[in-house]
Amino acid sequence: MEKTGTIEIRMEGHAGALKLTPEVFDIRELKDLLARVEDLLFPGERKDRPTIGYRNEEGSVRNIFTTSMQTVIAFNAVLGQVQQQQNIDFLEVRTASAIEAMQNEAIKKGWAFTLSTGLTNSAKLVVDRETLFKRTDDVWVEVELYLYGEVIDAGGKEKANIHVSVPGKGVFI
């Protein structure tokens with residue numbers, strides 16, 4: 001059997017006038033959280049990802065996810081780097097979007113998210129109203145590109161394109 005570890009996302013705050021607990025944590029928020037966790041852990045190909053188990057515990061709302069130890073170690077490294085840099089620009093798009101969504105929810109609802117792992121000396125990342133995890137806008141630069149090669153295919157009625165074979169570089173579409 002494969003070694004497993006845990007990842008915890010603790011949520012603190014209020015749902016209306018009530019303190020946030022598993023009983024007042026709506027399933028709509030749970031659905032959104034589960035989708036975000038998959039984006040946090042597996043931003044790329046998900047076809048062969050390991051199983052992610054889930055349980056919910058008291059202590060505000062403690063969401064505990066169990067998955068492969070390798071995934072937990074990698075996520076701990078990501079948390080440590082984000083905590084150190086206080087920036088998410090270096091993350092893959094899905095991972096950065098998941099943290100941004102938590103940031104938006106923290107601002108909108110006044111919740112605080114604490115992300116950590118079950119590893120000893122785990123990195124902890126807090127996302128609340130005081131933090132600012134937003135990606136900077138992509139900077140677009142206008143360039144000209146010249147390809148020297150042989151046109152091997154051209155056409156298309158709705159989506160026209162040209163295929164150019166460049167020696168030593170492959171085919172560009």
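The values are calculated or read from the model by the stated rules, or taken from the named source; none is laboratory data. If you're wondering where the values come from, they're calculated on a predicted model, not measured in any experiment. Positions of Cβ are backbone-derived with ideal geometry, glycine not excepted, and every protein chain shown enters the neighbour counts. For the accessible areas, the whole protein counts, side chains as well, though only heavy atoms, and no ligand, DNA or RNA atoms are used. Shrake-Rupley method; radii C 1.70, N 1.55, O 1.52, S 1.80 Å.
What the chain shows is 67 Å² of accessible area per residue, with the surface traced by a 1.4 Å probe over protein heavy atoms. Against the main long axis of the alpha-carbon atoms of the chain, helix 93-109 sits at an angle near 40°. Note on the chain: with neighbouring protein chains present and a 1.4 Å probe, carbon and sulfur make up 52 percent of its accessible heavy-atom surface. The Cα atoms of the range 6-60 cover 42, 19, 14 Å along the three principal axes, with the biggest extent listed first.
A cut-off of 5 Å between modelled amide H atoms, ignoring neighbours fewer than 5 places along the same chain, links residue 15 with 20.
Here's the picture: charge each Lys and Arg Cβ at +1 and each Asp and Glu Cβ at -1 in the chain, and of 133, 143, 120 the one pushed furthest to the positive end of that dipole is 120. When the surface is traced with a 1.4 Å probe over the full set of protein chains, residue 169 keeps roughly 150 Å² accessible. Using equal-weight Cα scatterers in the Debye expression, the normalised intensity of the range 95-173 in log10 at q = 0.15, 0.17, 0.27 Å⁻¹ is -0.69, -0.75, -1.17. Computed from point charges on the beta carbon alone (+1 for Lys and Arg, -1 for Asp and Glu), the dipole magnitude for the chain about its Cα centre is near 420 Debye.
The share of alpha-carbon pairs in the range 1-153 lying farther apart than 24 Å comes to 39%. The calculated Kirkwood hydrodynamic radius for the range 71-120 is 11.8 Å, given to one decimal from all distinct C-alpha pairs. Helix 69-85 and the longest principal axis of the C-alpha atoms of the chain enclose an angle of approximately 90°. Only Cα pairs under 8 Å and 6+ residues apart enter the sum, and on that basis the relative contact order of the chain stands at 24 percent.
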